[in-house]
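*Asks:* Handing you this structure, nothing more for now.
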Amino acid sequence: MEGNRRRAGRLDAAAALAARALPKAFTPWIEQTRLDARMVLDRTSGRTPAPVVSNIEVPQPLDEVDPLSLLPRGLANKLRAAGRDVGMLRDRLILGKTPPPVIERPKPAGGDVVSLPRKAPNMARPLNVVNVVRETADAVSIYVTEKDGSPLVFRPGQFLSVDVHVDGERLRRAYSLASPCLPDVARHITVKRIQDGRVSNLLNDTIAEGAELHVLGPSGNFTVEPRAVNQRHLVMIAGGSGITPIMSILETVLRVEPDSSVTLIYGNRGWDDVIFRDRLAALCEEHGKRLTVDHVLEDPPEWWTGESGLLSGDILESRLEALEIHDDGVQRYFICGPTPMMDAAHEVLARRGIDPGRIAEERFTSPESRSRVGGSNKTERVVVSRAGREHGVQIEPGQTILEAGLAAGIDMPFSCAMGGCGACRVRVTDGDVEMEEPNCLTRAEREQGYVLACVGRPLGSASVEVEGS
């Protein structure tokens, strides 16, 4: 499910330079012109844009493109260094700012830098709960905004990591944003009650308008890049609360891409358990043949005439046949739901000859079912390489590499902080690091020596390299 960020080229650098030179009001126009120009260049060179973000190259955000990349490398590096020097003088002489209190000690004889221990920062931020809507007897939608009232910025299909305190213990859970990714549309996560689920039951029973919800993210690569010029057919297979990220993708695509269509096969226990039942019906009426929703019920009512039973491999195969879903070689498939359903869906699609690269999945895992690893039972030293500098970090027993790195003041990337998005991926260059399982790393990433800093703990002295440094 990982997306590869496409390397910025001269066109991107030129657009970034224009965006910095012109007033901010021109930035959206510059960004759209850049994307349109790239699409034209790709097509003229025989490169067809892939329809989804998962497992493909995606454009680097304009504000991250370095316009100096237009220049020869030596000159660009000199200009960057000059810019840093000017910024330092400005901070000292004009703004009166001085460097932060000692974060790093001078280099010891060993040659690397040892960071002073600091208390780990609170990574979560508060959101305002502006509305709560009961979707079913066991599912609630929680509408949120940023603290300043602005809408949450996210990509369709992403999730939030929610922090709550239960009986004095801080717990973190991931919940997908189920709203379409459109301007002026309220953002919401949807939480389905799980038997004995401490967080899901608390939120279903107590969350109310006016409350605060502490979150990290949005995170995740189970998503699409909606473009009005796209013309595609997306096949989606969901079970139970697995509809939440799929709902966001489905509605966003329908509203942004007038020439695209979606087929959804959705399994539930009973008719009253169908989350977004009325919303899906309204979308079917609005978009006609562009949206097909096929319900499968394990325990249907007497009047039911649709498919009955668990959404197993046999039933899924029969539904694909009944819906005349024939793969055209470029179709994309999205799967989210209970593990048995997802495994069965993969088997069915494999028998149909579907390339795994065209299948995106989102797996919901309970932290209680994840293996708990403590790493070493004594304080260990880990060298973290970031942007060409080495930071020696002392990691206490039970502490993760991410927690210790942030506490030492190292700028380490992260998002969900629970092993579900891959943003904190680092490469182990020496030593051994143990991770909690399951997590989102692929087999190929593991073979290349990558670990997730947010769920990784050293077994002894180790060295890791931060992605992108």
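The values are calculated or read from the model by the stated rules, or taken from the named source; none is laboratory data. Owing to the predicted nature of the structure, the values given are computational and were not obtained by experimental measurement. Cβ placement follows ideal geometry from the backbone for every residue including glycine, while neighbour counts extend to all protein chains displayed.
*Asks:* Could you give me the residue pairs with C-beta distances under 6 Å whose first residue belongs to the stretch 198-219 and is assigned by TED's automatic domain parsing to the domain that holds residue 162 and closer than 22 Å to residue 123 by Cα, whose second residue is acidic (Asp, Glu) and part of a strand (DSSP E or B) wherever it lies, and which are 6+ apart or on separate chains?
*Replies:* Short answer, once both residue conditions are applied: 214/163.
*Asks:* Would you say residue 260 is under 21 Å from the mean Cα position of the chain (by Cα) and assigned by TED's automatic domain parsing to the domain that holds residue 335?
*Replies:* Spelling it out, it is not the case that residue 260 is under 21 Å from the mean Cα position of the chain (by Cα) and assigned by TED's automatic domain parsing to the domain that holds residue 335.
*Asks:* A further question on this structure: Collect the residues in the stretch 189-202 that are of a type outside the set (Gly, Ala, Ser), under 17 Å from residue 336 (Cβ atoms) and not in a loop (DSSP other than H, G, I, E, B), keeping them in residue-number order.
*Replies:* Residues satisfying the conditions are 189, 190, 191, 192.
*Asks:* Now a separate question. Would you check which residues across the stretch 203-221 are over 17 Å from residue 180 (Cα atoms) and in a loop (DSSP other than H, G, I, E, B) and list them?
*Replies:* 207, 208, 209, 210, 211
*Asks:* Separate question: Is it true that residue 329 is more than 19 Å from the chain's Cα centre (by Cα) and modelled with pLDDT under 90? Can you show your working first?
*Replies:* Values: more than 19 Å from the chain's Cα centre (by Cα): yes; modelled with pLDDT under 90: yes.
Spelling it out, residue 329 is indeed more than 19 Å from the chain's Cα centre (by Cα) and modelled with pLDDT under 90.
*Asks:* Across the stretch 150-179, which residue is surrounded by the most Cβ atoms within 10 Å (Cβ to Cβ) among those that are among the aliphatic types (A, V, I, L, M) and not in a loop (DSSP other than H, G, I, E, B)? Outline the logic, then answer.
*Replies:* The initial filter retains those residues of the stretch 150-179 that are among the aliphatic types (A, V, I, L, M), namely 152-153, 160, 162, 164, 166, 171, 174, 177-178.
Now drop any that are not not in a loop (DSSP other than H, G, I, E, B), which leaves 160, 162, 164, 166, 171, 174, 177.
Working: 160: 28, 162: 23, 164: 18, 166: 11, 171: 16, 174: 24, 177: 26.
Among residues in the stretch 150-179 that are among the aliphatic types (A, V, I, L, M) and not in a loop (DSSP other than H, G, I, E, B), the one surrounded by the most Cβ atoms within 10 Å (Cβ to Cβ) is 160.
*Asks:* Further, regarding this structure: Return the only residue of 436, 465 being modelled with pLDDT under 90, among the charged types (D, E, K, R) and either buried (at least 16 other Cβ atoms within 10 Å of the Cβ) or over 24 Å from residue 379 (Cβ atoms) (or both).
*Replies:* Going through 436, 465 in turn, just one is modelled with pLDDT under 90, among the charged types (D, E, K, R) and either buried (at least 16 other Cβ atoms within 10 Å of the Cβ) or over 24 Å from residue 379 (Cβ atoms) (or both): 436.
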